[in-house]
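Reading through the structure tokens given below for one structure.
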Amino acid sequence: MPELPEMEAWRRQLDDPVSAFPIEQAGPAHIATLKTFDPPLSALEGRRLAGAERRAKRLLFPTEDGELVLLVHLMSAGRVRYLQAGEKGPKTPAFRLRFQGGGELVLTEGGPKKRAGVWLVSPEAAAAELEHLGPEALGLGADRLGEILAEQPRRLHSLLRDQRVIAGIGRAWANEILHAAKLSPFAPAQGLSPVQVSELAAAIDSELERGLELRERGAKDAKVYRVHNKLHEPCFVCGSPIERVDFDEHTIFYCPTCQTGGRMLKDRRLSKLLR
Ligand SMILES: [Zn+2]
């Protein structure tokens, strides 16, 4: 699933082109992708978008007149692209906006499951839709992070991924961040020393910024991730093999030498605990 660095790289790419011309035709949209029907998509036609914004893992396209917001959540497999006039695009995208001048914003989704969503709503409804989200991960800072951790009797990896607590980090960047901070994914959030909280806050910023910079240059997963999905590859810091552990329904990657004092973590899958 695209996380903050991936979404922010797309937002920066889309910001100028989507606001260059008014919308000529909104849609068609796949029936499973478009989540709202009032106002109809055609309400966008003739209006100009103010640009692209981002909140957590969602993209927002407000209209310049301030009356409507197009909200896009790509989920795991959705991808969004701007096609220049005349550029070849997908035949049946899940959603399309055509601009005067011929450019198009297209949303595609790989695989048979349609989980990505598009909502056309008022700014108030968009704000209500996003209300449950925690503060943005990038730039959170040690003080605010310390307050958040103190309130959460949780393990670090699952806490970092919880969008209601901190917005923008998923399982891939949680792996990268905890490795950079030299913290165990299973460490209790309330047990961190002030120094560890500062190191975690610094790792959140440095890793998300590293990811954003690489994604803006078009780097693929294999180059962007150094721990995530690198099972048994040597840790880039110490050379030990990267290990994996299952927790709930998630697979976590970590370096035992850098993060857990050499200890191997045991699976804590829900299914195992229930047995
Ligand atoms: Zn290591």
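Residue by residue, here is whether (1) open to solvent by 60 Å² or more (accessible area, probe 1.4 Å); (2) more than 13 Å from the ligand (Cβ to nearest atom); (3) within 15 Å of Ala172 (Cα to Cα); (4) without any contact (Cβ under 8 Å) to a residue 24 or more places away in the chain holds:
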residue: Pro188; (1), (2), (3), (4): yes, yes, no, no
residue: Ala203; (1), (2), (3), (4): no, yes, yes, no
residue: Tyr225; (1), (2), (3), (4): no, yes, yes, no
residue: Lys230; (1), (2), (3), (4): no, no, yes, yes
residue: Glu233; (1), (2), (3), (4): yes, no, no, yes
residue: Ile242; (1), (2), (3), (4): no, no, yes, yes
residue: Thr260; (1), (2), (3), (4): no, no, no, no
residue: Leu265; (1), (2), (3), (4): no, yes, no, no
residue: Arg268; (1), (2), (3), (4): yes, yes, no, no
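Return a yes/no flag: does the range 19-28 have any residue that is open to solvent by 50 Å² or more (accessible area, probe 1.4 Å) and free of Cβ contacts under 8 Å to residues at least 60 places away in the same chain. There is no residue in the range 19-28 that is open to solvent by 50 Å² or more (accessible area, probe 1.4 Å) and free of Cβ contacts under 8 Å to residues at least 60 places away in the same chain. The condition (being open to solvent by less than 50 Å² (accessible area, probe 1.4 Å) and either aromatic (Phe, Trp, Tyr) or within 16 Å of the ligand (Cβ to nearest atom) (or both)) is satisfied by just one residue among His179, His157: His179. The set of residues in the range 104-137 that are open to solvent by 50 Å² or more (accessible area, probe 1.4 Å) and assigned to a helix (DSSP H, G or I) comprises Glu124, Ala127, Ala128, Glu129.
When you look at Cys238, is it open to solvent by 50 Å² or more (accessible area, probe 1.4 Å), within 16 Å of the ligand (Cβ to nearest atom), of a type in the set (A, V, I, L, M, F, W, C) and farther than 25 Å from Gln13 by Cα, yes or no? Considered against the rule, which asks whether it is open to solvent by 50 Å² or more (accessible area, probe 1.4 Å), within 16 Å of the ligand (Cβ to nearest atom), of a type in the set (A, V, I, L, M, F, W, C) and farther than 25 Å from Gln13 by Cα, Cys238 comes out as yes. Would you check if Ile252 is closer than 30 Å to Arg11 by Cα, under 15 Å from the mean Cα position of the chain (by Cα) and modelled with pLDDT of 95 or more? The answer is no for Ile252. Consider the range 41-59 and keep the residues that are open to solvent by 70 Å² or more (accessible area, probe 1.4 Å) and part of a loop (DSSP other than H, G, I, E, B). The one that is nearest to Tyr82 (Cα to Cα) is Arg48.
Tell me whether the range 201-212 contains one or more residues that are of a type in the set (Val, Ile, Thr) and in a helix (DSSP H, G or I). Checking the range 201-212: at least one residue is of a type in the set (Val, Ile, Thr) and in a helix (DSSP H, G or I).
Checking the structure you have, find out if any residue of the range 1-12 is buried (at least 17 other Cβ atoms within 10 Å of the Cβ) and in a strand (DSSP E or B).
No: the range 1-12 contains no residue that is buried (at least 17 other Cβ atoms within 10 Å of the Cβ) and in a strand (DSSP E or B).
Restricted to helices (runs of 4 or more DSSP H) entirely inside the range 138-199, those with at least 2 residues that are among the acidic types (Asp, Glu) are 142-150.
Tell me the strands (runs of 3 or more DSSP E) entirely within the range 60-103 that contain at least 3 residues that are open to solvent by less than 80 Å² (accessible area, probe 1.4 Å) and of a type in the set (Lys, Arg).
Values: elements: 69-73, 78-83, 95-99.
Output list is empty.
Across the range 190-200, the qualifying residues are those that are open to solvent by 10 Å² or more (accessible area, probe 1.4 Å) and in contact with a helix residue (DSSP H, G or I) (Cβ under 8 Å, 6 or more places away or on another chain), and the one among them that is nearest to Arg154 (Cα to Cα) is Gln190. Cβ-Cβ distances below 7 Å connect the following pairs, each with a first residue in the range 246-258 that is free of Cβ contacts under 8 Å to residues at least 60 places away in the same chain and open to solvent by 20 Å² or more (accessible area, probe 1.4 Å), a second residue that is of a type in the set (A, V, I, L, M, F, W, C) and within 11 Å of the ligand (Cβ to nearest atom), and a separation of six or more residues or different chains: Thr257/Cys235; Thr257/Cys238. Taking the range 142-154 as the range and being open to solvent by 40 Å² or more (accessible area, probe 1.4 Å) and under 18 Å from Ser206 (Cβ atoms) as the test, the residues that pass are Asp143, Arg144.
The values are calculated or read from the model by the stated rules, or taken from the named source; none is laboratory data. The structure presented is a predicted model; accordingly, all values stated were derived computationally and were not measured. Here the Cβ is made from the backbone with ideal geometry for all residues, glycine too, and neighbour counts use every protein chain on show. Protein only, heavy atoms only, side chains kept; ligands, DNA and RNA dropped before computing areas. Shrake-Rupley method; radii C 1.70, N 1.55, O 1.52, S 1.80 Å.
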